[in-house]
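The structure appears right after this line, and notes come after that.
The values are calculated or read from the model by the stated rules, or taken from the named source; none is laboratory data. Quick caveat, the model's predicted, so the values are computed rather than measured. Glycine also receives a Cβ, built like all others from the backbone with ideal geometry; neighbour counts cover every protein chain displayed. For the accessible areas, the whole protein counts, side chains as well, though only heavy atoms, and no ligand, DNA or RNA atoms are used. Shrake-Rupley method; radii C 1.70, N 1.55, O 1.52, S 1.80 Å.
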Number of protein chains: 4
Amino acid sequence: MTKTIIGVMGPGHRATPQERQTAYALGQAIAQAGWVVLTGGRPVGVMDAASRGAKAGGGLTICVLPTEQPHTMSTFVDIPIVTGLGQARNVVNVLTSQVVVACGSGPGTTSEIALAIKLAKPIILLETPLLAQQFWQCLAPGSLHIASNVGTAVAQIRNILS
Amino acid sequence: MTKTIIGVMGPGHRATPQERQTAYALGQAIAQAGWVVLTGGRPVGVMDAASRGAKAGGGLTICVLPTEQPHTMSTFVDIPIVTGLGQARNVVNVLTSQVVVACGSGPGTTSEIALAIKLAKPIILLETPLLAQQFWQCLAPGSLHIASNVGTAVAQIRNILS
Amino acid sequence: MTKTIIGVMGPGHRATPQERQTAYALGQAIAQAGWVVLTGGRPVGVMDAASRGAKAGGGLTICVLPTEQPHTMSTFVDIPIVTGLGQARNVVNVLTSQVVVACGSGPGTTSEIALAIKLAKPIILLETPLLAQQFWQCLAPGSLHIASNVGTAVAQIRNILS
Amino acid sequence: MTKTIIGVMGPGHRATPQERQTAYALGQAIAQAGWVVLTGGRPVGVMDAASRGAKAGGGLTICVLPTEQPHTMSTFVDIPIVTGLGQARNVVNVLTSQVVVACGSGPGTTSEIALAIKLAKPIILLETPLLAQQFWQCLAPGSLHIASNVGTAVAQIRNILS
């Protein structure tokens with residue numbers, strides 16, 4: 001009965017058009033696989049695009065908000081978890097996801113990848129620059145998955161869950 | 001698109017049979033009204049009964065777990081939010097709920113009612129002993145609703161939401 | 001080498017003159033006993049008075065701030081712990097204190113007393129109205145200490161620590 | 001009256017002898033400059049060494065513990081802040097420090113550097129591998145300081161504070 005929750009983490013305002021496009025396709029594919037999409041919930045960048053894609057795919061969307069109010073939230077979120085915890089909510093993002101997919105790079109996303117390694121949560125890197133890939137593989141050899149496109153990422157999630 | 005989330009707070013192991021029975025009926029009525037039930041998620045007492053009632057009513061159930069692992073969770077929860085925050089997760093329970101219903105009395109529930117008052121969240125007291133009712137009304141005059149049964153509580157929720 | 005930390009919890013803006021006066025005397029007495037005073041750190045009410053008393057008594061003062069910035073802090077605090085956690089920082093107040101003294105009554109203080117009961121932390125009630133005393137004794141029989149003045153409270157702390 | 005708090009972050013069990021040696025010297029130098037040393041508080045690696053160095057330098061030491069109990073704590077800590085927040089306490093480490101010094105590399109430290117960038121807190125990288133330096137400079141151009149030894153790090157702290 002418990003739903004499978006896949007976290008999609010990525011930059012907000014600084015997300016590139018390609019990162020947003022990939023996040024949309026990823027959200028849609030996750031929803032079509034029957035899984036729930038979890039994001040940081042703000043109405044920008046990867047979070048917004050992944051939630052929008054998931055709704056286009058007919059799925060359910062959750063977000064974990066840093067603020068005490070749900071005012072500034074993506075309109076594509078079904079279930080807003082309101083924490084008032086600021087950046088400490090990044091830990092909730094990671095722990096609540098069965099698999100964490102990082103789509104793109106930024107300080108918040110970096111903290112979430114690092115926390116996921118620390119908390120032994122499976123991680124897939126998508127749209128991750130080569131230097132960042134090398135950094136993570138050096139920090140946590142053998143414990144990250146690298147995906148070159150959405151199809152591979154979804155296959156890796158399926159593999160991890162089974 | 002955003003769902004309406006109603007928090008049901010109450011004792012765990014120390015819940016009385018009547019508190020559990022009321023929590024079950026409340027969860028069922030909330031689900032039948034089309035709202036999502038949020039609890040603290042442990043497989044005991046009011047949390048478990050409210051989630052079980054909500055599933056019987058055809059609804060969706062969320063829980064906010066204090067632990068880093070979802071191991072000890074009610075089997076009637078669809079969406080477990082895993083926080084690892086210990087009792088600090090009580091704040092997330094309150095902030096995520098549009099209305100908080102306290103069903104019964106105990107230290108955890110007391111902290112959640114107090115936090116709800118502090119955070120200006122609507123609260124309904126159900127199955128609350130007279131002394132506790134007096135205490136809360138003295139602490140926060142005019143800002144709590146008291147319900148003598150599930151039907152009244154649901155009418156009060158409907159009123160608050162509209 | 002580890003210092004003994006005593007938490008003093010109480011209302012902010014709504015504190016009465018008597019609560020502030022008692023908090024000042026309590027902070028001073030805790031400092032003179034060689035213990036560190038911990039408060040919620042805002043520049044008002046019981047928190048401010050207890051820290052001011054502790055500095056007058058030659059002691060060290062810590063506060064645990066709810067905000068991400070230390071801007072609005074009592075000027076009598078030596079060590080500000082900046083959490084950005086909002087009301088979830090109340091749990092940190094309780095867990096960091098070896099003994100929690102509630103001085104006066106209010107929603108925040110009520111949440112801290114309830115969390116202290118939940119977390120099995122020793123609690124002393126000072127300047128607590130009779131109705132509230134009855135409520136707490138009914139909720140957690142035998143697990144709270146009631147003090148009628150600062151001298152008694154300090155004797156009770158000494159007793160608990162030994 | 002408010003003390004200046006410098007955070008020293010770094011690996012626990014996986015810390016190398018050189019990282020521990022540098023952390024000791026750094027803690028000692030921070031203490032001798034009159035500042036307070038803040039660490040994650042566990043009795044291993046960089047945290048333990050920095051606290052030990054700070055005590056040798058006659059300073060005050062704080063730690064922010066992830067657990068609900070202070071049991072497993074470095075013996076060189078004066079003031080344990082007990083959070084029960086798990087890895088969410090990393091945010092408290094960063095927000096409470098006026099400057100964050102990362103000494104060595106690991107998942108926890110990586111999350112703290114990333115959170116410090118996100119929260120606009122000054123960061124100094126010490127004992128940081130070249131690949132990690134490149135990664136951080138690419139992620140947050142111009143916002144990190146790199147120190148090749150303890151003397152440089154202390155000079156950089158002094159500069160940032162003035």
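Selection within region C:26-50: residues that are modelled with pLDDT under 95 and within 12 Å of another protein chain (Cβ to nearest Cβ). The member of this set that is farthest from the chain's Cα centre (by Cα) is C:Gly41. The set of residues in region C:51-91 being within 12 Å of the chain's Cα centre (by Cα) and under 18 Å from A:Gly84 (Cα atoms) consists of C:Val64, C:Asn90. In contact (Cβ under 8 Å) with a residue 24 or more places away in the chain, more than 28 Å from A:Cys63 (Cα to Cα) and among the hydrophobic types (A, V, I, L, M, F, W, C): is that true of B:Ala132 in this structure? It is true that B:Ala132 is in contact (Cβ under 8 Å) with a residue 24 or more places away in the chain, more than 28 Å from A:Cys63 (Cα to Cα) and among the hydrophobic types (A, V, I, L, M, F, W, C). Applying the set (1) without any contact (Cβ under 8 Å) to a residue 60 or more places away in the chain; (2) more than 8 Å from every other protein chain (Cβ to nearest Cβ) to D:Thr75 leaves exactly one unmet item: (2). Looking only at region A:29-53, how many residues end up being in a loop (DSSP other than H, G, I, E, B) and aliphatic (A, V, I, L, M)? Going through region A:29-53 one residue at a time, the tally reaches 2. When the residues of region B:54-63 are filtered to those that are in contact with a helix residue (DSSP H, G or I) (Cβ under 6 Å, 6 or more places away or on another chain) and assigned to a helix (DSSP H, G or I), the one that is nearest to B:Thr22 (Cα to Cα) is B:Ala54. For region D:105-162, residues that are among the polar types (S, T, N, Q) and under 19 Å from D:Gly27 (Cα atoms) total 8. What is the residue count in region A:127-156 for residues that are within 14 Å of chain D (Cβ to nearest Cβ), open to solvent by less than 70 Å² (accessible area, probe 1.4 Å), assigned to a helix (DSSP H, G or I) and out of contact with any Leu (no Cβ under 7 Å at 6 or more places or on another chain)? Result for region A:127-156: 3.
Within region D:1-35, being free of Cβ contacts under 8 Å to residues at least 40 places away in the same chain and not small (Gly, Ala, Ser) holds for D:Met1, D:Thr2, D:His13, D:Pro17, D:Arg20, D:Gln21, D:Tyr24, D:Gln28, D:Gln32. Scanning region A:34-44 for residues that are crowded, with 24+ Cβ neighbours inside 10 Å and among the small types (Gly, Ala, Ser) turns up A:Gly40, A:Gly41. Might you let me know whether region B:45-60 holds any residue that is surrounded by fewer than 22 Cβ atoms within 10 Å (Cβ to Cβ) and closer than 20 Å to B:Val91 by Cβ? There is no residue in region B:45-60 that is surrounded by fewer than 22 Cβ atoms within 10 Å (Cβ to Cβ) and closer than 20 Å to B:Val91 by Cβ.
Looking at region C:73-85, can you tell me whether even one residue there is closer than 27 Å to B:Pro107 by Cβ, open to solvent by less than 10 Å² (accessible area, probe 1.4 Å), assigned to a strand (DSSP E or B) and not small (Gly, Ala, Ser)? For region C:73-85, residues closer than 27 Å to B:Pro107 by Cβ, open to solvent by less than 10 Å² (accessible area, probe 1.4 Å), assigned to a strand (DSSP E or B) and not small (Gly, Ala, Ser): present.
Conditions first: (1) in contact with a helix residue (DSSP H, G or I) (Cβ under 7 Å, 6 or more places away or on another chain); (2) within 14 Å of chain C (Cβ to nearest Cβ); (3) open to solvent by less than 10 Å² (accessible area, probe 1.4 Å). A:Pro66 passes all but one, so which condition is the exception? A:Pro66 satisfies all of (1) in contact with a helix residue (DSSP H, G or I) (Cβ under 7 Å, 6 or more places away or on another chain); (2) within 14 Å of chain C (Cβ to nearest Cβ); (3) open to solvent by less than 10 Å² (accessible area, probe 1.4 Å) except (3).
Only a single criterion out of (1) modelled with pLDDT of 95 or more; (2) open to solvent by less than 30 Å² (accessible area, probe 1.4 Å) is not satisfied by B:Pro17, namely (2). If you filter region D:1-14 down to residues that are under 13 Å from the mean Cα position of the chain (by Cα) and more than 14 Å from chain C (Cβ to nearest Cβ), you find that the one that is surrounded by the fewest Cβ atoms within 10 Å (Cβ to Cβ) is D:Gly12.
Looking only at residues in region D:91-119 that are free of Cβ contacts under 8 Å to residues at least 40 places away in the same chain and crowded, with 24+ Cβ neighbours inside 10 Å, the one that is farthest from the other protein chains (Cβ to nearest Cβ) is D:Ala116.
Each row is one residue, and each column tells you yes or no for (1) acidic (Asp, Glu); (2) assigned to a strand (DSSP E or B).
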{"residue": "A:Met1", "(1), (2)": "no, no"}
{"residue": "A:Ile6", "(1), (2)": "no, yes"}
{"residue": "A:Pro11", "(1), (2)": "no, no"}
{"residue": "A:Arg14", "(1), (2)": "no, no"}
{"residue": "A:Glu19", "(1), (2)": "yes, no"}
{"residue": "A:Gly27", "(1), (2)": "no, no"}
